[in-house]
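Here's the structure, in structure tokens; my notes come after.
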Amino acid sequence: VQLQASGGGLVQPGESLRLTCAASLSILNFYQLGWYRQAPGKQRELVAAVTRGGNTNYVDSVKGRFTISRDNAKNTVYLQMNSLNSEDTAAYYCNALLFLGHAGYWGQGTLVTVSS
């Protein structure tokens, strides 16, 4: 299984980015798709996730600003990030779980830098 993440970049505070994670097989195979991030010196954290059934959850710090979505036809999951701030600066990784308890497949990171 391959997950190809893209869409990171350098933006100013308040701007938006959309991250894309394309899977090498049907994402309907996965129980859950998610985006994690890891800032320098910090642990990796789950930012947002969406289940096969469409249920979503977000870390508190991004609620109301980030939206995770999936396009089953394109085997792609997105993370729309609005009102970015410096605390969102991190490497973002997509993750796919076959089932609960599965360690998951990981894409390569895409770097998001928010700076004025």
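The values are calculated or read from the model by the stated rules, or taken from the named source; none is laboratory data. Note that the structure is a prediction, hence the values are computed from the model and not measured. Glycine also receives a Cβ, built like all others from the backbone with ideal geometry; neighbour counts cover every protein chain displayed. These area figures cover heavy atoms from the full protein model, side chains too; ligands, DNA and RNA do not enter into them. Shrake-Rupley method; radii C 1.70, N 1.55, O 1.52, S 1.80 Å.
Which one of Lys63, Lys42, Lys74 has the biggest mean-square fluctuation once the chain is modelled by GNM with Cα springs under 10 Å? For the chain, modelled as a Gaussian network with Cα springs under 10 Å, the answer is Lys42.
Note on Glu87: accessible area is roughly 150 Å² with a 1.4 Å probe, heavy atoms of protein only.
Remark: the Lys74-Ser16 segment gains 18.6 nm on full extension, using 0.36 nm per residue and subtracting the alpha carbon distance. Note on Ser86 and Lys63: their simple-model spin labels are 2.6 nm apart, each label 7 Å out from Cα toward Cβ.
For segment 69-116, the equivalent ellipsoid built from the Cα gyration tensor has semi-axes of 25, 14, 9 Å, listed from largest to smallest.
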